[in-house]
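The values are calculated or read from the model by the stated rules, or taken from the named source; none is laboratory data. Owing to the predicted nature of the structure, the values given are computational and were not obtained by experimental measurement. We place every Cβ from the backbone using ideal geometry, glycine too, and count neighbours over all the protein chains shown.
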There are 2 protein chains.
Amino acid sequence: MSETKMPEDEASIIERMDVFFKPKSVAVVGASRGAGKAGHVIFRNFVDNKRRGLFRGELYPVNPNEDSILGYRCYPSLPEVVGDVELVVVVVPARVVPGIMEDAAKKGVKAAAIISSGFGEVGEGELEARVKAIAQSAGIRVLGPNCLGVYDSYTGVDMLFLPETKTLSVGNVVIATPRPMPGSVAIVTQSGAFGVAAIDYLAGHEIGVSRLVSFGNKIDVAEPEMLLYLLHDRETRVILLYVEGIEDGRRFIDVAEKVTKHKPVVALKTGRSKAGARAALSHTGAIAGTDRIYDGLFKQVGVLRAGNMEEFFDMARALALQPPAEGNSIGILTDAGGPGIMAVDECEARGLDVKRFSDETIRRFEDLKGEGKIPSFATNYNPVDLTGAVTSDMFEQAAEILLEDPEIHGIIVLGLHHTPALQEDYPDRIARLSKAHTKPVVACDIGETEMAMYIRSRFTKLRIPAYSSPEDAARSMAVLANYGAYLRKRGRFDEYLRSYLEWVGSQA
Amino acid sequence: MSETKMPEDEASIIERMDVFFKPKSVAVVGASRGAGKAGHVIFRNFVDNKRRGLFRGELYPVNPNEDSILGYRCYPSLPEVVGDVELVVVVVPARVVPGIMEDAAKKGVKAAAIISSGFGEVGEGELEARVKAIAQSAGIRVLGPNCLGVYDSYTGVDMLFLPETKTLSVGNVVIATPRPMPGSVAIVTQSGAFGVAAIDYLAGHEIGVSRLVSFGNKIDVAEPEMLLYLLHDRETRVILLYVEGIEDGRRFIDVAEKVTKHKPVVALKTGRSKAGARAALSHTGAIAGTDRIYDGLFKQVGVLRAGNMEEFFDMARALALQPPAEGNSIGILTDAGGPGIMAVDECEARGLDVKRFSDETIRRFEDLKGEGKIPSFATNYNPVDLTGAVTSDMFEQAAEILLEDPEIHGIIVLGLHHTPALQEDYPDRIARLSKAHTKPVVACDIGETEMAMYIRSRFTKLRIPAYSSPEDAARSMAVLANYGAYLRKRGRFDEYLRSYLEWVGSQA
């Protein structure tokens, strides 16, 4: 976001938030030798990342019962640490947290991530208030309590107390909480468990993550500051926001409006139902509020709302890999009639237009038929159904016609791999063509066995998000059209597209 | 369905349909030596299954240009085949199909699956009418044309022209169109491509399939007869129905009402939108009809309608593995607050009730807290949130309380595996408990890497369908409640449950 001028107060927020992501020194209070303990896993994450050269700050374990942990000299308390401490990660029982915060104040700590739970969410509001008061008077910025803190794939800050692997009873080691590769998606979440589930999901779909931040009870740092921070974060292109309740609506509106002009923000807001709102209250103490109010609020500021978890992640994949659509007219290319109809149904349900192609485009398909390049029995009005006789050549030629049709703003390719003559190179061919154009392309292949996995993974590697159902592909195209419409309304479409293309170019 | 008395006309329909699934003799007209050709793949499927002892009928290739194929003597035409032919599979160009059907009539063939396309769906209505007239006057029952025919995991009838494996350009062989293992789900589909996609999906989710039948242009055999057939089919417990349009609504209603009292029928009806209806017309010539009419029709006869493809399959998994719910009061058990709220939201959106537990159940949880068996900060009003401190023991004890609560009719277990102390045996423990009860249990674990895959797969093996999002789990519970409500309305709940439990017992 080099083109964004940064007001002074924003600059100061960025500087303060930076401590959570790029600390020069970190103390883990409650660091432990005990294998399964949170204080062990977190300290070890830092140690491992420091050895890899990823985490570059100073690192101090604090625990009065240990002399050293993993080769690091252990300090009995924060004030006794030899050296500055910018950031503390607090992993001790709730009742001792106020004392730790007083120590942190003495030590001149700038920021604290309080992982410990046992505060407002279980009725210990008074304890929480004490922690808040100490932090405020000392000017310490706080994440949490009752949170996961930060995972940063670029700087090696990893406060996730969930170990990357687990050992099964038979002795096999398996990935349990994967750390996703560096990427462009940031996750901002009130629910820690959900944050971890998110990185497991995204890692499995080969989508890289820039930073994850979990707020928990958010006694201090909340959504608005974090959104501002991510607006100016070069690595982040898409922001995923999981919320149960937003406290300062006005501030959220101000910030979200700024951010969504430059980067898409996708929100999953839960506690929609009565029982759900009750559950949210006992989860993070969030007041879920009337769902319709959130709907209106999000729409107003260009936040793209997901209806459920899967849609949330599907939207992220689309926005991370493809540009927005300049209009809502969609072309569908398929080798399977039934799935083609499913995609059409979902497109229309989402406000996209799957209209009959222009005469010119229909004529170009007729020419291909005349030349024997696509089957004479293919349908070519939209969807284009190349039928079970499809080959990679046919997919390529048909995609080219749709990419060149100025009346089509986005393309859904449903390439079911089962057809006998279709080779595995068709994702590569379509991706190569699509690079010469700026309209979004999304793909779908149905199936859960080898070839389907390969095709979807190959598409993803080529920056074309590939889904396992036609409806998922259609709704992902819808979010690209919706974000495009919002940017146009704000007069920012061209600027966004330019910045997006520059960024994609820089990644190649 | 031994308890169902079969009227005489039904018995005769079953006998005629049996020829498609259990033919004593099959001729493949258009059998070929050419590796990629449909006529080769289909013939080879039969040859392979005969060698395995799975297909037990006689087998004849018919092709005037070959002497033998895969060791089988090849006949120039049907009338020249030495031996009876009950069923023909027709894989020749559309224009020669009428001649083949005349030959079939001469030969005394009982049934024909016409795989070939190039009929009504591409404007060749006259050709289609000729084929139909020949078949009718000869009393030959016809599947298709423009269809995939039949796949039967029990009898080895496999007309799928999509090869099981493909060889990638690097030389590696991968599964492309898996043949699912024998199981209890039948697939009845108008779209062939969708049928294949369905078995790829179900195979990947380890759900067995009894039979798949694809109708295509359905000039003869259509949904009603096939539903009747499957009603009396011992292997089939759940029927999946993909339709673009139903012609004989009255007949469909009569039959569907009969079937749904004994076996759940799940329908995916596409062509809902205007553009979708247009696409359906050019796909299989189906008149999609007003969507609301179908909605009403399905509801009236107890057909469970899926909103999209993924829901369709998710519903199948739930109904294949779990009994229906006797009411709509659902208990949710989780180790992750956020996902718990998502499940609650979706439950309420689907008409399920996630009400505060009874005093007795809340007290039982308080007792566990008192004994230190679950965390004191766990919430226990519904959802039960055992938090990130969960262990397998805690999941087991909490599940037991919910299973024993007579006011709860179904349980959703959201066991996110990421929590540090949760062992991989919790699916086994929950499954063991649930066997002593008749209320449905569904599960969810979020993530796409190793441990999540293991947990979901393990649950599935133990007959608990496990989904990758809380909303998917909730909507699957909803279908179990909806089917339960329909059965109760018809006074068939107890009978269904008894028959279901007997069947599960026989599988163990």
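So, in region A:180-203, of the ones that are at the interface with another protein chain (Cβ under 8 Å from one of its Cβ atoms) and of a type in the set (V, I, T), which residue ends up surrounded by the most Cβ atoms within 10 Å (Cβ to Cβ)?
The residue in question is A:V196.
If I go through region B:135-155 residue by residue, how many of them are more than 17 Å from B:R16 (Cβ to Cβ) and crowded, with 20+ Cβ neighbours inside 10 Å? Talk me through it step by step, then tell me what you get.
Taking region B:135-155 as the starting set, the residues that turn out to be more than 17 Å from B:R16 (Cβ to Cβ) are B:145-148, B:151, B:153-154.
Then drop every residue that is not crowded, with 20+ Cβ neighbours inside 10 Å, which leaves B:145-148, B:151, B:153.
Number satisfying all stated conditions: 6.
Under the condition of being more than 9 Å from chain B (Cβ to nearest Cβ) and more than 21 Å from A:M315 (Cα to Cα), which residue from region A:407-429 is surrounded by the most Cβ atoms within 10 Å (Cβ to Cβ)?
A:Y426
Filtering region B:315-341 down to residues that are among the small types (G, A, S) and within 14 Å of another protein chain (Cβ to nearest Cβ), which residue is surrounded by the most Cβ atoms within 10 Å (Cβ to Cβ)? So that I can check it myself, show each step before the final result.
Keep residues of region B:315-341 that are among the small types (G, A, S), which gives B:316, B:318, B:320, B:325, B:327, B:329, B:331, B:336-338, B:340.
Within this subset, residues satisfying the condition of being within 14 Å of another protein chain (Cβ to nearest Cβ) are B:316, B:329, B:331, B:336-338, B:340.
Numbers: B:A316: 30, B:S329: 20, B:G331: 26, B:A336: 31, B:G337: 30, B:G338: 34, B:G340: 32.
Filtering first and then ranking leaves B:G338.
When you scan region A:137-157, how many residues do you find that are in a strand (DSSP E or B) and within 14 Å of chain B (Cβ to nearest Cβ)?
Step one: list which residues in region A:137-157 are in a strand (DSSP E or B), which gives A:141-143, A:149-152.
Subset that is within 14 Å of chain B (Cβ to nearest Cβ): A:149, A:151.
Count: 2.
Answer yes if at least one residue in region B:355-366 is aliphatic (A, V, I, L, M) and either crowded, with 19+ Cβ neighbours inside 10 Å or away from chain A (no Cβ under 14 Å) (or both), and no otherwise.
Going residue by residue through region B:355-366, those that are aliphatic (A, V, I, L, M) are B:362.
Going one step further and asking which of them are either crowded, with 19+ Cβ neighbours inside 10 Å or away from chain A (no Cβ under 14 Å) (or both), we end up with none.
No; the residues of region B:355-366 include none that is aliphatic (A, V, I, L, M) and either crowded, with 19+ Cβ neighbours inside 10 Å or away from chain A (no Cβ under 14 Å) (or both).
Can A:A31 be described as in the same structural domain as A:E164 (by TED's automatic domain parsing), at pLDDT 95 or above, buried (at least 19 other Cβ atoms within 10 Å of the Cβ) and in contact with a Cys (Cβ under 9 Å, 6 or more places away or on another chain)? Step through it out loud before you land on a result.
Details: in the same structural domain as A:E164 (by TED's automatic domain parsing): yes; at pLDDT 95 or above: yes; buried (at least 19 other Cβ atoms within 10 Å of the Cβ): yes; in contact with a Cys (Cβ under 9 Å, 6 or more places away or on another chain): yes.
Considered against the rule, which asks whether it is in the same structural domain as A:E164 (by TED's automatic domain parsing), at pLDDT 95 or above, buried (at least 19 other Cβ atoms within 10 Å of the Cβ) and in contact with a Cys (Cβ under 9 Å, 6 or more places away or on another chain), A:A31 comes out as yes.
Taking region B:356-393 only, how many residues are over 24 Å from B:E346 (Cβ atoms) and either outside any loop (DSSP other than H, G, I, E, B) or outside the structural domain of B:I411 (by TED's automatic domain parsing) (or both)? Let's see the steps before the verdict.
Here is the first cut: in region B:356-393, the ones over 24 Å from B:E346 (Cβ atoms) are B:359-360, B:363-364, B:366-377, B:389, B:391-393.
Cutting the leftovers down to either outside any loop (DSSP other than H, G, I, E, B) or outside the structural domain of B:I411 (by TED's automatic domain parsing) (or both) gives us B:359-360, B:363-364, B:366-370, B:392-393.
Matching residues across region B:356-393 total 11.
Every residue in region B:242-258 that is farther than 11 Å from B:A222 by Cα and crowded, with 24+ Cβ neighbours inside 10 Å, please.
B:Y242, B:E244, B:A256
Listed residues B:R456, B:R432, B:R463, B:R475; which is outside any loop (DSSP other than H, G, I, E, B), of a type in the set (K, R) and surrounded by fewer than 19 Cβ atoms within 10 Å (Cβ to Cβ)? Can you show your working first?
On the way: B:R456 fails: surrounded by fewer than 19 Cβ atoms within 10 Å (Cβ to Cβ); B:R463 fails: outside any loop (DSSP other than H, G, I, E, B); B:R475 fails: surrounded by fewer than 19 Cβ atoms within 10 Å (Cβ to Cβ).
The unique qualifying residue is B:R432.
Can you find a residue that is in the same structural domain as A:E124 (by TED's automatic domain parsing), of a type in the set (V, I, T), in contact with a helix residue (DSSP H, G or I) (Cβ under 9 Å, 6 or more places away or on another chain) and on the phi < 0 side of the Ramachandran plot anywhere in region A:54-64?
Start the filter on region A:54-64 by keeping residues that are in the same structural domain as A:E124 (by TED's automatic domain parsing), which leaves A:54-64.
Now restrict to residues that are of a type in the set (V, I, T): A:62.
With the extra rule that they be in contact with a helix residue (DSSP H, G or I) (Cβ under 9 Å, 6 or more places away or on another chain), the set shrinks to A:62.
Checking the rest, the ones that are also on the phi < 0 side of the Ramachandran plot come to A:62.
Yes, the conditions are met somewhere in region A:54-64.
Just for helices (runs of 4 or more DSSP H) wholly inside region B:215-314: which have at least 3 residues that are within 14 Å of another protein chain (Cβ to nearest Cβ)?
Filter on region B:215-314 gives B:274-284, B:291-301.
Of the numbered conditions (1) in the same structural domain as B:E502 (by TED's automatic domain parsing); (2) aliphatic (A, V, I, L, M); (3) in a helix (DSSP H, G or I); (4) farther than 24 Å from A:V196 by Cα, B:V344 fails exactly one; give the number of that condition.
Going through the list (1) in the same structural domain as B:E502 (by TED's automatic domain parsing); (2) aliphatic (A, V, I, L, M); (3) in a helix (DSSP H, G or I); (4) farther than 24 Å from A:V196 by Cα, B:V344 breaks only (4).
Quick one: in region A:114-136, which of the residues that are closer than 15 Å to B:S376 by Cβ and without any contact (Cβ under 8 Å) to a residue 24 or more places away in the chain is nearest to the other protein chains (Cβ to nearest Cβ)?
Only one residue tops the list, namely A:V122.
Could you please let me know if B:G208 is closer than 23 Å to B:E223 by Cα, more than 13 Å from chain A (Cβ to nearest Cβ) and within 17 Å of the chain's Cα centre (by Cα)? I'd like the intermediate steps shown before the answer.
Numbers: closer than 23 Å to B:E223 by Cα: yes; more than 13 Å from chain A (Cβ to nearest Cβ): yes; within 17 Å of the chain's Cα centre (by Cα): yes.
Here the answer is yes, as B:G208 does meet what is asked.
If you check B:G372 against the conditions, is it closer than 30 Å to A:S116 by Cα, among the small types (G, A, S), surrounded by fewer than 22 Cβ atoms within 10 Å (Cβ to Cβ) and more than 9 Å from chain A (Cβ to nearest Cβ)?
On the way: closer than 30 Å to A:S116 by Cα: yes; among the small types (G, A, S): yes; surrounded by fewer than 22 Cβ atoms within 10 Å (Cβ to Cβ): yes; more than 9 Å from chain A (Cβ to nearest Cβ): yes.
The answer is yes for B:G372.
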